[in-house]
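Step one of this worksheet: look at the structure below.
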């Protein structure tokens with residue numbers, strides 16, 4: 001299939017059909033050759049379209065790789081929906097070795113929409129990388145002692161030996177010996193490859209099959225049983241919107257966090273703070289951004305100060321937008337950001353943002369010179385919400401000194417030093433300036 005979008009030609013060749021799982025089927029085991037390396041590196045690729053009619057707290061396995069048909073050496077990919085809502089649009093997925101090590105990625109795939117997944121696993125070098133539609137979304141250090149010198153098997157639709165069955169469509173399943181580079185994954189995720197491609201151990205395209213009950217590993221020209229999985233006409237390609245702050249994904253069911261810029265700290269009342277967010281098209285056709293709006297309890301204090309450019313994002317394209325937060329009162333302020341687009345499965349992408357005012361130091365004691373043995377105090381005054389204090393001397397916290405006023409009794413020359421307070425509140429923490437104490 002060849003699709004042209006806004007002058008850009010996206011080619012997905014020979015994607016005439018896929019295989020469908022309804023939650024009860026699993027394919028026959030596909031053997032892979034014995035490998036001389038005890039901890040070999042592999043790259044797994046497939047297109048997945050998770051079903052929209054999964055049950056609550058669903059967990060299913062589109063692909064499982066193992067050493068001998070049992071749990072030994074098992075490496076598997078699972079999709080899951082733990083949202084507790086049948087209408088939740090996304091599924092996460094887990095990638096793990098049975099005997100330890102893996103990664104869990106929430107809200108990674110869209111129900112009812114095609115996404116390409118690539119996994120690079122090199123246990124001897126502690127590499128586990130995950131890509132969606134050619135874009136790296138996770139890079140985790142994972143090691144494992146799995147041994148495939150006696151060969152290995154691929155199973156699609158469930159775990160090995162069974163259970164946790166997948167519901168949805170699956171297509172273009174590939175298993176490579178060795179690690180594919182980021183550039184190779186991006187260049188090849190949406191095209192078909194020749195059957196005799198070097199190091200391609202499994203190439204299941206599910207196209208032009210001779211039987212409705214069999215599928216072919218095009219790399220070896222060997223057929224295997226579908227075991228009840230059925231062929232389904234393929235592919236409606238769609239754009240898919242992803243949003244990031246501070247290079248971290250922002251999910252639709254998010255809790256605001258400073259780590260991804262969705263929890264914004266302002267330095268003072270009526271002072272503006274700006275945060276930049278990134279829109280990315282992780283789908284397979286051009287994504288059109290229609291509008292960005294802000295609603296919710298304190299929407300007036302959050303403004304889209306810079307709209308994204310361009311508004312039409314090609315495959316893997318990005319655009320930035322900026323939100324300005326200007327608090328008018330203290331306390332936590334909340335709002336909801338809605339991004340309207342032609343996303344194929346959810347045209348209104350919403351996420352939560354919040355903002356607070358950092359504490360501010362409004363007064364502090366002057367430097368002091370006192371005689372040995374006397375009692376002395378120093379203090380700070382601050383403005384903010386839910387304030388707490390911790391005093392330090394020469395960078396080390398002072399046990400028990402957690403009030404606005406620091407009291408020292410019976411000072412000695414060893415009490416001399418540079419003192420400051422850390423004032424914490426609903427918006428974060430600020431350090432006071434230093435108060436120098438000299439004991440003569």
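The values are calculated or read from the model by the stated rules, or taken from the named source; none is laboratory data. Note that the structure is predicted; figures quoted are calculated from it, not measured. We place every Cβ from the backbone using ideal geometry, glycine too, and count neighbours over all the protein chains shown.
Quick look at the numbers
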quantity: Residue within region 249-260 that is within 28 Å of residue 81 (Cβ to Cβ), surrounded by 20 or more Cβ atoms within 10 Å (Cβ to Cβ), without any contact (Cβ under 8 Å) to a residue 24 or more places away in the chain and touching a strand residue (DSSP E or B) at 6+ places or on another chain (Cβ under 6 Å) present; calculated: yes
quantity: Some residue of region 21-32 being out of contact with any helix residue (DSSP H, G or I) (no Cβ under 9 Å at 6 or more places or on another chain), under 21 Å from residue 111 (Cα atoms), buried (at least 21 other Cβ atoms within 10 Å of the Cβ) and modelled with pLDDT of 80 or more; calculated: yes
quantity: For residue 420: the one exception among (1) over 29 Å from residue 267 (Cβ atoms); (2) not in a loop (DSSP other than H, G, I, E, B); calculated: (1)
quantity: Selected residue (criterion: nearest to residue 256 (Cα to Cα)) from residues of region 327-337 that are in contact with a helix residue (DSSP H, G or I) (Cβ under 8 Å, 6 or more places away or on another chain) and not in a strand (DSSP E or B); calculated: 327
quantity: Residue match in region 258-266 (condition: part of a loop (DSSP other than H, G, I, E, B) and more than 18 Å from residue 26 (Cα to Cα)); calculated: yes
quantity: Which listed residue, of 340, 346, is in a strand (DSSP E or B) and on the phi < 0 side of the Ramachandran plot; calculated: 340
quantity: Given (1) part of a strand (DSSP E or B); (2) over 30 Å from residue 387 (Cβ atoms), index of the condition residue 285 fails; calculated: (1)
quantity: Residue satisfying all of: in region 173-191; over 24 Å from the mean Cα position of the chain (by Cα) and assigned to a strand (DSSP E or B); surrounded by the most Cβ atoms within 10 Å (Cβ to Cβ) among these; calculated: 176
quantity: Filter result (surrounded by fewer than 14 Cβ atoms within 10 Å (Cβ to Cβ) and part of a strand (DSSP E or B)) within region 393-410; calculated: 396, 397, 407
quantity: Hits in region 154-172 (condition: crowded, with 22+ Cβ neighbours inside 10 Å and either over 18 Å from residue 121 (Cβ atoms) or touching a helix residue (DSSP H, G or I) at 6+ places or on another chain (Cβ under 9 Å) (or both)); calculated: 157, 158, 166, 167, 168, 169, 170, 171, 172
quantity: Residues (at pLDDT 85 or above and under 14 Å from residue 47 (Cα atoms)) located in region 208-238; calculated: 232
quantity: Failed criterion for residue 265 (all others in (1) touching a strand residue (DSSP E or B) at 6+ places or on another chain (Cβ under 6 Å); (2) under 24 Å from residue 47 (Cβ atoms) hold); calculated: (2)
quantity: Condition broken by residue 93, with the remaining ones in (1) part of a strand (DSSP E or B); (2) at pLDDT below 80; (3) over 21 Å from the mean Cα position of the chain (by Cα) satisfied; calculated: (3)
quantity: Condition met for residue 196 (assigned to a loop (DSSP other than H, G, I, E, B) and surrounded by fewer than 17 Cβ atoms within 10 Å (Cβ to Cβ)); calculated: yes
quantity: Residue match in region 358-372 (condition: farther than 26 Å from residue 423 by Cβ and either in contact (Cβ under 8 Å) with a residue 12 or more places away in the chain or in a strand (DSSP E or B) (or both)); calculated: yes
